[in-house]
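The values are calculated or read from the model by the stated rules, or taken from the named source; none is laboratory data. Please read these numbers as outputs of a predicted model, since none were measured by experiment. So basically every Cβ, Gly included, is an ideal-geometry build from the backbone, and we count neighbours across all protein chains shown.
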Amino acid sequence: MKVVTFFQKFLQTEAASGVLLVFTAALALLLANSSAAPAYFNFLAYRIVLPAGLDLPVLHWINDALMAIFFLLVGLEIKRELIQGELSSARKAALPAAAALGGMIFPALIFTGINWGSPAVHGWAIPTATDIAFSLGIISLLGNRVPLALKVFLTALAIVDDLGAVAVIALFYTSKLDLVSLGWAVLLTTALIAANRRGFRKISIYLLAGLPLWYLVHHSGIHATVAGVVLAFCIPREIGEQIEKTIHPWVAYLIMPIFALANAGVQISGGLAEAISHPVGIGVLLGLFFGKQLGITIFSWLAAKLNVAELPAGVDFKGLYGAACLGGIGFTMSIFIATLSYEGNHLLDVAKLGILAGSLISAFLGLLVLLLRFPRPGKS
């Protein structure tokens with residue numbers, strides 16, 4: 001009962017955050033395409049200098065530092081689900097894991113096929129992500145007519161998807177490694193694991209250690225946000241849940257909207273046609289829209305037919321297909337991967353427009369499918 005109540009609160013927070021993300025993304029687009037555009041972009045480019053050689057523009061402080069807290073939350077969510085949630089047993093994890101795998105493979109293949117032979121193929125991972133806040137925000141519009149089990153499935157799918165995204169960022173979007181910094185980061189991580197096993201349960205120990213861990217990972221060449229996930233897996237389960245409950249609202253209502261406001265601002269004039277016709281824009285759009293729904297549905301069907309997994313209670317494949325369409329809402333993580341793929345390149349704006357278009361179409365189709373599958377009681 002406690003787990004169900006916690007999960008319902010989790011859904012409510014993510015759903016409300018999704019609505020706020022829509023607003024901030026729209027505001028970013030408005031700012032980027034208005035007379036305020038110079039001030040907007042100049043502010044994001046303004047450099048903030050801190051001790052220890054940290055000299056970054058505002059945009060990087062948001063994407064590298066604030067988003068590390070987002071990834072800390074992602075890591076804590078993954079850890080919780082692995083220990084006591086929807087990923088805590090092979091049977092429970094099979095369906096969302098299969099769905100997430102298919103939902104990453106198909107979009108990656110579509111994008112790679114369209115951009116094969118071009119340096120732009122480096123962005124193959126952009127359409128592989130699912131935005132948990134946006135997708136749950138859309139499904140929440142249908143209220144109680146959608147079974148809770150389907151919302152749980154979509155959440156578990158997005159969490160596994162996040163785990164895959166973290167692995168992709170660490171493995172494929174890492175610049176040249178500074179082995180000294182990496183070595184110190186490994187030593188600090190080892191010390192945190194030892195502290196956990198020896199029974200240290202003070203939150204301050206782990207959170208304060210997170211600062212030098214972030215710094216070391218940042219200087220190692222691995223993207224600094226990975227430090228958030230590493231820290232999450234070092235934190236004891238008991239205090240991990242407490243930290244998750246504390247930072248979840250801050251991430252949902254402050255950090256993610258700030259990220260959207262800073263990264264969704266794309267100048268559309270002359271760029272929309274290019275995004276629609278450019279292989280990067282096409283690859284992202286088709287990857288999110290077709291790749292996600294096909295990959296999630298087909299791999300889920302295979303898992304069920306092979307008796308590896310079973311569908312959620314009260315859900316058939318029509319309902320699951322609706323959730324699969326919502327899986328094509330990439331937004332936060334897709335934009336994040338796009339910034340790693342094309343930073344300083346005009347293709348970044350093309351990719352962002354493809355993300356916005358693919359996510360919007362996926363949201364509309366998913367909402368329509370679920371409306372038809374789960375009509376109001378008394379209607380057919």
Here the residues within the range 38-47 that are more than 14 Å from residue 262 (Cβ to Cβ) and either outside any strand (DSSP E or B) or modelled with pLDDT under 90 (or both) are 38
Just checking, which of 11, 27 is assigned to a helix (DSSP H, G or I), at pLDDT 90 or above and of a type outside the set (Gly, Ala, Ser)?
27
Can you find, within the range 352-380, the residue that is nearest to residue 68 (Cα to Cα) among those that are in contact with a Phe, Trp or Tyr (Cβ under 6 Å, 6 or more places away or on another chain) and buried (at least 21 other Cβ atoms within 10 Å of the Cβ)?
359
Confirm whether residue 274 is over 21 Å from residue 170 (Cβ atoms), in contact with a helix residue (DSSP H, G or I) (Cβ under 9 Å, 6 or more places away or on another chain) and either at pLDDT below 85 or of a type in the set (Phe, Trp, Tyr) (or both).
yes
Identify all residues within the range 335-380 that are more than 23 Å from the chain's Cα centre (by Cα) and of a type in the set (S, T, N, Q); write none if there are none.
380
What pairs come up if the first residue lies in the range 103-122 and is at negative phi and of a type in the set (A, V, I, L, M, F, W, C), the second is crowded, with 23+ Cβ neighbours inside 10 Å and not in a helix (DSSP H, G or I), and their beta carbons are under 9 Å apart, counting only those six or more places apart or on different chains?
104/125; 104/129; 108/124; 108/125; 109/124; 111/124; 111/125
Out of all the residues in the range 188-200, is one or more closer than 30 Å to residue 121 by Cα, assigned to a helix (DSSP H, G or I) and free of Cβ contacts under 8 Å to residues at least 60 places away in the same chain?
no
Taking the condition of being part of a loop (DSSP other than H, G, I, E, B) and in contact with a helix residue (DSSP H, G or I) (Cβ under 9 Å, 6 or more places away or on another chain), how many residues in the range 307-335 meet it?
13
